[in-house]
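Chemist: So that we are looking at the same thing, I have put the structure below in structure tokens.
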Amino acid sequence: MSLVEEIKKRRTFGIISHPDAGKTTLTEKLLLFGGAIQTAGAVKSNKIKDHARSDWMEIEKQRGISVATSVMGFDYRNKRINLLDTPGHKDFAEDTYRTLTAVDSVIMVIDCVKGVEEQTERLMEVCRMRQTPVLCFINKLDREGRDPFELLEEIEEKLGLQVHPLSWPINIGKNFKGVYSLYEKKLVLFEASRQKLSAEKIEISDIESPELEQYVGENDAAQLREDVELINGVYEKFDTEEYLAGNIAPVFFGSAVNNFGVQELLDCFVDIAPAPIPRETELREVEPQDPKFSGFIFKIHANMDPKHRNRIAFMRVCSGKFERSKPYLHIRHDKKMKFSNTTAFMAQDKEIVDEAWPGDIIGLYDTGNLKIGDTLTEGEKGNYKGIPSFSPEMFREVVNKDAMKTKQLEKGLSQLMEEGLAQLFTFEMGSRKVVGVVGQLQFEVIQFRLKGEYGASCDFRPMNLYKACWISAENEKDMDAFIASKGRHIARDKDGKLVFMAESRAWLQMVQDNFPNIQFHFTSEF
């Protein structure tokens, strides 16, 4: 197949939401409908033996939350679907932000009981920065939730997003009977089936037909006809171009855990979602159809297989065709590198791939040469833009609990930081190590993984720090004077960049006033 045909086949998207809205469950069901798995795993359940495929790390199984983005690929209706399940917990927001740089569109999951929550609002801001097309799935309709019209209004108000319902629920909670697809003009009634796919579907192409009453009863039939008439009156005909431009969000209703409404979502998504889109480098905008290969690293995961201590870099292919064992230029090192071991993913199950096309996410085995944000290319030397590190909110000093395991601790910390799990700052004077994170849960994950994967144990001692600011100056003399004056408060990040560790907001303001020639930055991308 030609490059253009391969690009048209690809759909690469992320699933985002507030914690507990059901995104990992939806991921499982999409894999189930895509034929990638036979039985859907549960995120947290004592009765079901299988865990969710995308929550494969030990800590994820114990807590029933996702702490790392999982990548899964499957084929559905002649399309290649690349799906990224992101953590919803705000403590892992940076992993999610980075993942959003690697996808072309997003499915946003909203809990029909709780409505739009704060983390959803934050993630939506990131989508808006990039004009990413968004499709909404309102989940958990088998629970007593809020009125569907009220939910649509809340999405428009809180997320500043125009919505357009493409499916509509018949009742909610205990009386939930199914979904009417406005996109395909079909009514689909499901049996509640938690794990396997139920084959029984009743399709009614015309909701005016008296058949409807037989299945849902007179009251529900009348209500559905009234709702559909109202929707057709309020919303104009659905315009795919407006969705692709990021102006309109199609909305689907369902219950992922009971397989309600998931197939309607997937069928419509495959039809309307964007194929791989162009990406910006420092030099120009790169089209997926460019014949020369290029791609960037957006995530690194150490110890996917704890027995083998391996480190995998996740790369998004942006243009051209990637071939295994062919040398490509690593721009930061300015040298050619070959990858003989390249894999495609199904969470932690992997298979070797010989070639990959724009939109694909592949794993490169790496011994420490690759970092988040690195670009690999076959042609010109332009780095892909838009993967920043943000200044952390909480800081703790690392205290080694076992002097015999110092090497393991150092190695473990450096590998986990390269994954982007948190940020490590080492003070120039006294070489104290400080970990900076967005939320408390990250400290627990670091301790858990250091112990489990490296055999090292450490404590975190609270520190009185307000912000870590990256610093730069046009004149070297100014920088030297600043370092001489504030040496005790200068550290380096994992890439060796200079960072000023400010103890309070007022003090930072004073230092900025006293040293007008020094620039203070709150993200590392400047």
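The values are calculated or read from the model by the stated rules, or taken from the named source; none is laboratory data. These numbers were taken from a predicted model, which means no experiment stands behind them. Note that we place each Cβ from the backbone using ideal geometry, even for glycine, and neighbour counts take in every protein chain shown. SASA here: full protein model, heavy atoms, side chains in, ligands and nucleic acids out. Shrake-Rupley method; radii C 1.70, N 1.55, O 1.52, S 1.80 Å.
Chemist: Could you tell me which residue of the range 223-253 is farthest from residue 207 (Cα to Cα), considering only residues that are open to solvent by 70 Å² or more (accessible area, probe 1.4 Å) and assigned to a helix (DSSP H, G or I)? Write out each step before concluding.
Modeler: Keep residues of the range 223-253 that are open to solvent by 70 Å² or more (accessible area, probe 1.4 Å), which gives 223, 226, 229-230, 232, 234, 236-237, 241.
Checking which are assigned to a helix (DSSP H, G or I) leaves us with 223, 226, 229-230, 232, 234, 241.
Values: 223: 11, 226: 11, 229: 11, 230: 14, 232: 14, 234: 19, 241: 28 Å.
For the range 223-253, the residue satisfying everything is 241.
Chemist: Looking at (1) under 22 Å from the mean Cα position of the chain (by Cα); (2) in a helix (DSSP H, G or I), can you tell me which one residue 264 breaks?
Modeler: If we test residue 264 against (1) under 22 Å from the mean Cα position of the chain (by Cα); (2) in a helix (DSSP H, G or I), just (1) comes out false.
Chemist: Find all pairs meeting these conditions: Cβ atoms under 8 angstrom apart; at least six residues apart or on different chains; first residue within the range 17-32 and farther than 14 Å from residue 119 by Cβ; second residue surrounded by fewer than 24 Cβ atoms within 10 Å (Cβ to Cβ) and polar (S, T, N, Q).
Modeler: Going by the 8 Å Cβ cut-off, the qualifying pairs are 29/259; 32/38; 32/39; 32/259.
Chemist: Taking the condition of being touching a strand residue (DSSP E or B) at 6+ places or on another chain (Cβ under 6 Å), under 18 Å from residue 277 (Cβ atoms) and at pLDDT below 85, how many residues in the range 101-129 meet it?
Modeler: Total meeting the criteria: 2.
Per-residue answers, yes or no, for (1) under 30 Å from residue 288 (Cα atoms); (2) part of a helix (DSSP H, G or I); (3) open to solvent by 20 Å² or more (accessible area, probe 1.4 Å); (4) not aromatic (Phe, Trp, Tyr):
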| residue | (1), (2), (3), (4) |
| --- | --- |
| 359 | yes, no, no, yes |
| 363 | yes, no, no, yes |
| 381 | yes, no, yes, yes |
| 396 | no, no, yes, yes |
| 399 | no, no, yes, yes |
| 407 | no, yes, yes, yes |
| 410 | no, yes, yes, yes |
| 420 | yes, no, no, yes |
| 426 | no, no, yes, yes |
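Chemist: Here is a follow-up. Where in the range 429-493 are there strands (runs of 3 or more DSSP E), lying wholly inside it, with at least 3 residues that are within 19 Å of residue 418 (Cβ to Cβ)? Write out each step before concluding.
Modeler: Values: elements: 433-437, 458-462, 467-473, 490-492.
Answer list for the range 429-493: 433-437.
Chemist: Now for a separate question. Select from the range 490-526 the residues that are touching a residue at least 60 places away in the same chain (Cβ under 8 Å) and of a type in the set (Ser, Thr, Tyr) and write down the one among them that is most open to solvent (accessible area, probe 1.4 Å). Working first, answer last.
Modeler: Residues of the range 490-526 touching a residue at least 60 places away in the same chain (Cβ under 8 Å): 490-495, 499, 501, 522-525.
Next, from what is left, pick out any that are of a type in the set (Ser, Thr, Tyr): 523-524.
On the way: 523: 44, 524: 19 Å².
Here the residue is 523.
Chemist: For the range 220-247, how many residues meet the condition of being closer than 13 Å to residue 149 by Cα and in contact with a His (Cβ under 8 Å, 6 or more places away or on another chain)?
Modeler: 1
Chemist: Can you confirm whether residue 71 is more than 22 Å from residue 140 (Cβ to Cβ) and at pLDDT below 85? Spell out how you get there, then give the answer.
Modeler: Working: more than 22 Å from residue 140 (Cβ to Cβ): yes; at pLDDT below 85: yes.
Taking the combined requirement at face value, the residue satisfies it.
Chemist: I'm checking my understanding of the structure. Among residues of the range 294-324 that are of a type in the set (Lys, Arg) and in contact with a helix residue (DSSP H, G or I) (Cβ under 9 Å, 6 or more places away or on another chain), which one is modelled with the lowest pLDDT? If you could, list the steps in order and put the result at the bottom.
Modeler: As a first pass, look at the range 294-324 and keep what is of a type in the set (Lys, Arg): 299, 307, 309, 311, 316, 321, 324.
Then keep just the ones that are in contact with a helix residue (DSSP H, G or I) (Cβ under 9 Å, 6 or more places away or on another chain); that gives 299, 309, 311, 321.
Values: 299: 83, 309: 62, 311: 77, 321: 91.
Ranking the qualifying residues of the range 294-324, first place goes to 309.
Chemist: List pairs: first in the range 1-15 and under 12 Å from residue 360 (Cβ atoms) and modelled with pLDDT under 90, second surrounded by fewer than 20 Cβ atoms within 10 Å (Cβ to Cβ) and of a type in the set (Gly, Ala, Ser), Cβ under 7 Å, 6+ apart or cross-chain?
Modeler: Taking only residues 6 or more apart or on different chains, the pairs are 7/275.
Chemist: Something else: Could you check the range 390-437 and list, in sequence order, the residues that are among the small types (Gly, Ala, Ser) and within 14 Å of residue 499 (Cα to Cα)?
Modeler: So in the range 390-437, the residues among the small types (Gly, Ala, Ser) come out as 391, 403, 412, 414, 420, 422, 430-431, 436.
Those that are among the small types (Gly, Ala, Ser) and within 14 Å of residue 499 (Cα to Cα): 391, 431, 436.
Chemist: If a residue has to be surrounded by 15 or more Cβ atoms within 10 Å (Cβ to Cβ) and part of a loop (DSSP other than H, G, I, E, B) to count, how many in the range 117-141 make the cut?
Modeler: 5
Chemist: Scanning the range 142-175 for residues that are more than 27 Å from residue 129 (Cα to Cα), in a helix (DSSP H, G or I) and open to solvent by 30 Å² or more (accessible area, probe 1.4 Å), which turns out modelled with the highest pLDDT?
Modeler: Taking the range 142-175 as the starting set, the residues that turn out to be more than 27 Å from residue 129 (Cα to Cα) are 142-149, 167-175.
Okay, now just the ones that are also in a helix (DSSP H, G or I), so 148-149, 173-175.
Among the residues that remain, those that are also open to solvent by 30 Å² or more (accessible area, probe 1.4 Å) are: 149, 174-175.
Numbers: 149: 89, 174: 78, 175: 77.
It comes out as 149.
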